[in-house]
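What follows is one structure encoded as structure tokens, with my remarks underneath.
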Amino acid sequence: MTRPAPKRGPQADAATTKPAKSVGQKPQNKSQPRPDRPARIETPPPEPSLRLFYALTLPREISTPLAETQSLLKGNWRAVRADQMHVTLAYLPAVPPERLADLRKLGADLTLNVPTLDVRLRGTGYFPNEGSPRVWFVKVEAEGLAELAAQLREGVAALGLATDDQPFKAHITLARKKGPAPRVPPKTFDLGWQASSAVLARSILRKTGPLYQTESTFRFRAGSAETELLLPDAPDQPAEL
């Protein structure tokens, strides 16, 4: 005996009938939640290398008359400020900041047996001497000065750091040429001073010229009963070189 098919009412028809898609309606995709992405780690840029140099500083009674001589400059010469004048002993063009302490110790160690230097000024000259010069300077002489410069450069090399490859010529830069400019007639000086210390300084480039900042001062100790070896200056204060 065949059973009659069950009657389908409107509710049953509605339950079994799929709703028609609207025209233009996008199908709904139930996307899975995205896994959390690892946080992006920002790597700080490397700290720039330092431009450093060992040098003798000038007392005001020497830098003042040298600055007066700069009145002879004409054309595109840029005079060095009196408080920036110095005698470079060793120049280090690119030093990692973390090696600064090693260079401070080197300066303190090498000046233990250095006596006061009798520094004398001589005549003016040019770098290069032939052709179009770039630098106008005054020559410097002092017994033991070349030996101190050599020891500093050897010590820097032993630390695995580089100095410039220029031979040591004791001088004080008076001006740098920035374009066509005539030479200044030769001039001699009868000036000198007793240098009792050297410095480790940093050169900071500016549009108006380099700014020199003293990192450490080293007293010459030969014949001295002083025991303090290293006198660091405030690093955020420009030095009067």
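The values are calculated or read from the model by the stated rules, or taken from the named source; none is laboratory data. Computed from a predicted model, the values in this text were never measured in an experiment. As a convention, Cβ positions derive from the backbone with ideal geometry for all residues, glycine included, and neighbour counts pool all protein chains shown. Calculation scope for accessible area: heavy atoms of the full protein, side chains included, ligands and nucleic acids excluded. Shrake-Rupley method; radii C 1.70, N 1.55, O 1.52, S 1.80 Å.
A few points about this structure:
- Surface analysis of region 77-141 yields an accessible area of 46 Å² per residue, using protein heavy atoms and a 1.4 Å probe.
- Amide H contacts of A175 (H built 1.01 Å from N, in plane; Pro and chain starts excluded): V80, W136 sit under 5 Å, all sequence-distant by 5 or more or on other chains.
- Pairs from the table (K105/K169; K178/K207; K105/K207; K187/K207; K105/K139) lying more than 22 angstrom apart at Cα are K105/K169; K105/K207; K187/K207; K105/K139.
- On the basis of the beta-carbon distance and an R0 of 45 Å, D102 and K74 show a calculated FRET efficiency of 0.55.
- Stretching E154 away from L205 to a fully extended chain increases their span by 15.7 nm, per 0.36 nm per residue minus the current alpha-carbon distance.
- Proximal charge balance of T188 [Cβ under 12 Å; K/R count +1, D/E count -1]: +3
- With a cut-off of 11 Å between beta carbons, the residues surrounding L117 carry a summed charge of -3, where Lys and Arg count +1 and Asp and Glu -1.
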